[in-house]
């Protein structure tokens, strides 16, 4: 059942932690409701221009979207996005950049690569085929990642080692292919020839997947990410979501727990 716009949204439990409040928001395109962490915030600037705020930290009013780039751009072309934003923000003079979709995708990519860099510097992310294979066979790998131009042989060898270490042979578990090549990864991590990556900490894997799933979904790179499963589900499935969704229109309300936007 869809939650009425002005009704109090019910807090949900995340990762089995009863009582942990997760704010929900409504998508201005679809009207659907979902946890805010799975959506993208759009911020209203003082000049009336809408800008992406994927980290949700920009000051002022904002609204939320839970659709992929193609759906967003179609809604923008038809005027549906502007109408939804105007209603949510109680603002008539809104200006939406023609390249809003590209700006959102660029921010999602940057946020994910920045997260990878942070995990690398903290020691929770390792690279190098031999080092990853050893950690995988010891059952220490929590998430396996590959550059888009990684070779099939290397990916398959490391995935096999991961399955062995997890006592999960025959499951088909594989690593996730990132929507960037080795040159981009190497620059983000400050390393040479970063092709294969492994996360060896469960919480770090959750943090990365929270960013990666939004990026993949919005860009359309991975249709398997379309129904926004939780980071825990992504990890247990080896980066593959077994539940195929339609166009993935999970959505949100606002920066307040009960309003249709964060216009207060």
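The values are calculated or read from the model by the stated rules, or taken from the named source; none is laboratory data. Everything numeric here is computed off the predicted structure, so don't read it as measured data. Positions of Cβ are generated from backbone atoms using ideal geometry, with glycine treated the same way; all protein chains shown enter the neighbour counts.
Results for (1) surrounded by fewer than 19 Cβ atoms within 10 Å (Cβ to Cβ); (2) touching a residue at least 12 places away in the same chain (Cβ under 8 Å), shown as yes or no for each residue.
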{"site": "144", "(1), (2)": "no, yes"}
{"site": "160", "(1), (2)": "yes, no"}
{"site": "170", "(1), (2)": "yes, no"}
{"site": "178", "(1), (2)": "no, yes"}
{"site": "181", "(1), (2)": "yes, yes"}
{"site": "184", "(1), (2)": "yes, yes"}
{"site": "187", "(1), (2)": "yes, no"}
{"site": "204", "(1), (2)": "no, yes"}
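Looking at the stretch 137-165, which of the residues that are in a helix (DSSP H, G or I) and touching a strand residue (DSSP E or B) at 6+ places or on another chain (Cβ under 7 Å) is nearest to residue 178 (Cα to Cα)? Going through the qualifying residues, I end up with 155.
Candidates in the stretch 61-80 are the residues that are in a loop (DSSP other than H, G, I, E, B) and touching a residue at least 60 places away in the same chain (Cβ under 8 Å); of these, the one that is surrounded by the most Cβ atoms within 10 Å (Cβ to Cβ) is 66.
I'm checking my understanding of the structure. Among residues of the stretch 206-227 that are surrounded by fewer than 21 Cβ atoms within 10 Å (Cβ to Cβ) and assigned to a loop (DSSP other than H, G, I, E, B), which one is modelled with the highest pLDDT? Once the filter is applied, the top-ranked residue is 220. The residues in the stretch 169-191 that are farther than 16 Å from residue 117 by Cα, touching a strand residue (DSSP E or B) at 6+ places or on another chain (Cβ under 7 Å) and in a loop (DSSP other than H, G, I, E, B) can be counted, and the count is 1. The residues in the stretch 20-60 that are within 18 Å of residue 83 (Cβ to Cβ), surrounded by fewer than 21 Cβ atoms within 10 Å (Cβ to Cβ) and in contact with a helix residue (DSSP H, G or I) (Cβ under 7 Å, 6 or more places away or on another chain) can be counted, and the count is 0.
Every condition in (1) buried (at least 18 other Cβ atoms within 10 Å of the Cβ); (2) not in a strand (DSSP E or B) is met by residue 126 except one, and the failing one is (2).
Every residue, every condition in (1) buried (at least 19 other Cβ atoms within 10 Å of the Cβ); (2) in a helix (DSSP H, G or I); (3) out of contact with any helix residue (DSSP H, G or I) (no Cβ under 8 Å at 6 or more places or on another chain), yes or no:
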{"position": "82", "(1), (2), (3)": "no, yes, no"}
{"position": "85", "(1), (2), (3)": "yes, yes, yes"}
{"position": "106", "(1), (2), (3)": "no, yes, yes"}
{"position": "119", "(1), (2), (3)": "yes, yes, no"}
{"position": "133", "(1), (2), (3)": "yes, yes, no"}
{"position": "167", "(1), (2), (3)": "no, no, yes"}
